[in-house]
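Asker: Take this structure, written in structure tokens, and hold onto it; I'll ask about it next.
Taken together, the values in this text are just the output of simple stated rules run on the coordinates, not laboratory data. These numbers were taken from a predicted model, which means no experiment stands behind them. Glycine gets a Cβ as well: all are built from the backbone with ideal geometry, and neighbour counts include every protein chain shown.
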Amino acid sequence: MIDIFLLEAILNGILLGGVLALLALGLNIVFGVIDVVWICYAELIMFGMYGNYVLHKDLGWPLLLAFAVCVVVVAVLGVLLHWLVIRPVLGGAPINQLLVTGGVLTFMQALATLVFGIEFRNLGISMPSLELGEIFLSQSRIWACGVSLVAVALLWLFLKKTYLGTAIRAISQDREIMPLMGVKPGRIYLITSAIGGGLAGLAACLLVLQYDVHPAIGLTFGPITFMVCVMGGLGNLLGGFLAAFIFAQFIQVGGFYFELEWGYVFAFCFFIAMMFWRPQGLLGKRA
Amino acid sequence: MLSVDGLTKRFGGFTAVNQVSFEVGEGEILGLIGPNGSGKSTTFNLIAGTLTPTAGSVRFQGREIGGLKPNLVCRAGIARTFQIPRPFTRLKLLENVALAAYYGAGERIGRSEAWSRAEDALALVQLPVDGETTIDGLGAAGLKKLELARALATRPRVLLADESLGGLDESEMDQAADMLEHIRRQRGITIVWVEHIMGVLMRVVDRCVVLDHGEVIAEGLPQVVASDRKVVEVYLGGDAGEVQAQVAARARSETGAGGTS
């Protein structure tokens, strides 16, 4: 019979995978369509987490209202990021695009430190654990995974079933030809940035239930999100989705056999090995 | 319908298109021909908005469109195809065409309207598909048809067809030429056809403009252009005999049919 604690670790891995999948999705869709990596993606999430903190804890707004507002605000932030920072360097060298979003990362970290200081803050909400026989699962993780999967499914339907979604998929393949069919690429980019920002905002709402927010919180989520995206094949939405669950299993099951930190070590070693074996990612095409 | 006047494009010190002027009448099929590198495709890109002219004007239905962004040129009613077909391979075949129909129309249309326009365009180019057909199974001729259907789905008044016959065998070339003629007859669409294979083009075009080194060196009816000394010299070379034969064959068949042209 399978060890009950191993089962718990696997279930936790699935729950973590759902959240990582959501994190990867926003970054991936932006890269896939606009061909720019938002290095500051995790800082958008941080911004959303602080937003939730201010609205719910300081101003006393109902939690769900604070969530909804944060998703919208971070979506707008994504649009601003594209409009003010990415658009002027869109035709430039890729390294410049990395540098400007890297600059935004530093800017946002410094801004958060100035405004909120370096202390850790949380909403002070603790949800009871869910008990399944002898297995304990964190309720906030279950919520996070559930909401993530619903968001992933909705986005998938949007991309598959609507003309706007079809245009987004099309422009990710050949951006030069779309204008010849009457599509204005700049508009598609702004919409994509809003989606990417909105997903970061949603991730912020789910993460703020489990993690304290502080100015360097981006370092917790940023690197792992990039690794999930790269492992799946940067810009490949399905690849990122699969990679998220594989990565999460390494972290949780590895953490079960040794210690949680070792789980991360295994996951990163696996990532490095993968880069030798399939540098283009799980489902990516070799450039 | 479409009038190009003094169109010029320089890339640094190189003049790709120099003072090119021509008119395209409504419902006409105009052949834009010339050897490789003569500036045909550049002229095309200038009209379609992919490139911005250095000087000169492009007027469409009396309105200046030179320098407009490609998406606006498309919505104004000018569609183009590419020499090498560029379908969206990750999209279903019908999605490719429906997307063009939806965004390319100059007006706001509904989902189902775009869908039926797409099916309509595919029927016009005689490419039977259902919603699940993918791009993978299409051969060179099928891809050319898809490219045409995608342009036609935007309901253009003018179709810019770029070297539609590259990569096709002889019978496919004949079919493709007949196809453009068919499209013009069915829809009254004005067509500008860029081509360097001159023979088959001569069968269906009403008039030709011949470019060489970015300049117009001859213009007029196919039979006149084909026997123009300058054209024969710079362009046709050894093919002159064959092209003149095509023109002669056309003249004979038209006389036989009562000279309807």
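Asker: Across chain A, where is the longest run that never hits chymotrypsin sites (Phe, Trp or Tyr not before Pro) in a DSSP loop with at most 13 other C-beta atoms within 10 Å?
Answerer: My reading of the result: A:121-257 is the longest stretch.
Asker: Another one. For Cα pairs less than 8 Å apart in space and 6+ apart in sequence, what is the mean separation divided by the residue count of chain B, i.e. the relative contact order in percent?
Answerer: 23 percent
Asker: Moving to a separate point now. Within region B:72-109, which residues have the backbone N less than 18 Å from the label spot 7 Å out from B:Glu26 along Cα→beta-carbon, could you tell me?
Answerer: The answer is B:76-79.
Asker: While we're looking at this one, here's another question. Place a +1 charge on the Cβ of each Lys and Arg in chain A and a -1 charge on the Cβ of each Asp and Glu, then give the dipole magnitude about the Cα centre in debye, rounded to the nearest 20.
Answerer: That gives chain A a dipole magnitude of about 1140 debye.
Asker: Determine which lysines satisfy two conditions relative to B:Lys9: a Cα distance under 26 Å, and not lying fewer than 8 residues away in the same chain.
Answerer: Result set, ordered by chain and number: A:Lys184, B:Lys40, B:Lys69, B:Lys230.
Asker: Where in chain A lies the longest segment free of GluC sites (Glu not before Pro) that are both loop residues by DSSP (not H, G, I, E, B) and have at most 11 other Cβ atoms within 10 Å?
Answerer: In short, A:135-258.
Asker: May I pose another question? Please enumerate, by chain and number, the lysines with C-alpha under 20 Å from the C-alpha of B:Lys92, excluding those fewer than 8 residues away in the same chain.
Answerer: A:Lys160, A:Lys161, A:Lys285, B:Lys144, B:Lys145
Asker: Here is a further query. Between A:Val150 and A:Gln173, what length comes free when the chain is fully extended (0.36 nm per residue of separation minus the Cα-Cα distance, one decimal in nm)?
Answerer: Residue separation times 0.36 nm, minus the Cα-Cα distance, leaves 5.7 nm.
Asker: Exposed loop sites here are GluC sites (Glu not before Pro) in DSSP loop states with at most 11 other C-beta atoms within 10 Å. What is the longest stretch of chain B lacking them?
Answerer: B:133-261
Asker: Continuing with this model, one more query. Which loop trypsin sites (Lys or Arg not before Pro) in region A:146-225, with loop taken from DSSP, have no more than 15 other Cβ atoms within 10 angstrom of their Cβ?
Answerer: For trypsin sites (Lys or Arg not before Pro) across region A:146-225 that sit outside H, G, I, E and B with at most 15 neighbouring Cβ atoms in 10 Å, the list is empty.
Asker: Find how many whole Å separate the alpha carbon centroid of region A:246-285 from the alpha carbon centroid of region A:14-90.
Answerer: So the two Cα centres are separated by 25 Å.
Asker: Give, rounded to the nearest 20 debye, the magnitude of the charge dipole that the protein assembly as shown has about its Cα centre when Lys and Arg contribute +1 at Cβ and Asp and Glu contribute -1 at Cβ.
Answerer: 940 debye
Asker: What residue among A:Gly222, B:Gly25, B:Ser112 has its Cα farthest toward the positive end of the dipole of the protein assembly as shown, where the charges are +1 on Lys, Arg and -1 on Asp, Glu, each on the Cβ?
Answerer: The one lying farthest along the dipole's positive direction is B:Gly25.
Asker: Another one. Among A:Val69, A:Ser193, A:Ile272, which residue has its Cα positioned farthest towards the positive end of the charge dipole of chain A, with +1 placed on the Cβ of Lys and Arg, -1 on the Cβ of Asp and Glu, and the dipole taken about the Cα centre?
Answerer: Checking the options against the dipole of chain A, the answer is A:Ser193.
Asker: What's the extension gain from B:Arg111 to B:Arg229 if we count 0.36 nm per residue and subtract their Cα-Cα distance?
Answerer: 37.1 nm
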